[in-house]
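All remarks here apply to the structure that follows.
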Amino acid sequence: MLFEVLQFLFAIGASDITDFMGNTLGGIIGVGVYIVFCKLFSTKANKILNVLASIGTICIVALLLLLIYLRISGVIIYKVS
C-alpha cells in the first residue's frame, strides 16, 4: 500500500486499485506458501526457501541479461509508430 500511496502522491506512474489488490493477493499467497513450507519441512524450511529464491533470482537475472543482449545485438527490434 505504501508504494501505491507514494505513486499517487508523487504522480509517478499510475496508482490503481487493481495494483493494490494484486500486491495484497501476492503477499497473502507468499505468506501462505511460507506457512505450508514451515509445516512440511519444519527444521529446514528457511534453507529450502532461500535456495529456491536464489535459483529464481538467478533465472530472472539470466533472462534479463539475455533480453538485453538480444536487444543490443539487433535481434529484437522495437518499432515506434
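The values are calculated or read from the model by the stated rules, or taken from the named source; none is laboratory data. In this text, all values refer to a predicted model and were calculated from it rather than measured experimentally. Don't worry about glycine lacking a Cβ; one is built from the backbone with ideal geometry, like all the others, and counts go over all protein chains shown. Note: areas computed on protein heavy atoms with side chains; ligands, DNA, RNA excluded. Shrake-Rupley method; radii C 1.70, N 1.55, O 1.52, S 1.80 Å.
If the condition is being surrounded by 11 or more Cβ atoms within 10 Å (Cβ to Cβ) and either assigned to a helix (DSSP H, G or I) or in contact with a Gly (Cβ under 8 Å, 6 or more places away or on another chain) (or both), then the range 60-78 contributes L67, I68, Y69, L70, R71.
Figure legend. Inter-residue proximity from the range 46-69: first residues free of Cβ contacts under 8 Å to residues at least 40 places away in the same chain, second residues surrounded by 10 or more Cβ atoms within 10 Å (Cβ to Cβ) and not in a helix (DSSP H, G or I), beta-carbon distance below 8 Å, spacing 6+ or different chains. Indicated pairs: I48/F41; L67/I76. Restricting the first member to the range 1-30 and to residues that are aliphatic (A, V, I, L, M), and the second to residues that are at pLDDT 75 or above, the beta-carbon pairs closer than 7 Å and six or more apart or on different chains are M1/F20. Checking the stated criteria, F10 turns out not to satisfy the condition of being open to solvent by 90 Å² or more (accessible area, probe 1.4 Å), touching a helix residue (DSSP H, G or I) at 6+ places or on another chain (Cβ under 9 Å) and among the aromatic types (F, W, Y). Scanning the range 1-56 for residues that are within 19 Å of the chain's Cα centre (by Cα), part of a helix (DSSP H, G or I) and of a type in the set (D, E, K, R) turns up E4, D19. On the given criteria, is T57 exposed (fewer than 10 other Cβ atoms within 10 Å of the Cβ) and of a type in the set (S, T, N, Q)? No.
For the range 40-81, the tally of residues that are of a type outside the set (A, V, I, L, M), within 30 Å of G30 (Cα to Cα) and at pLDDT below 90 stands at 7.
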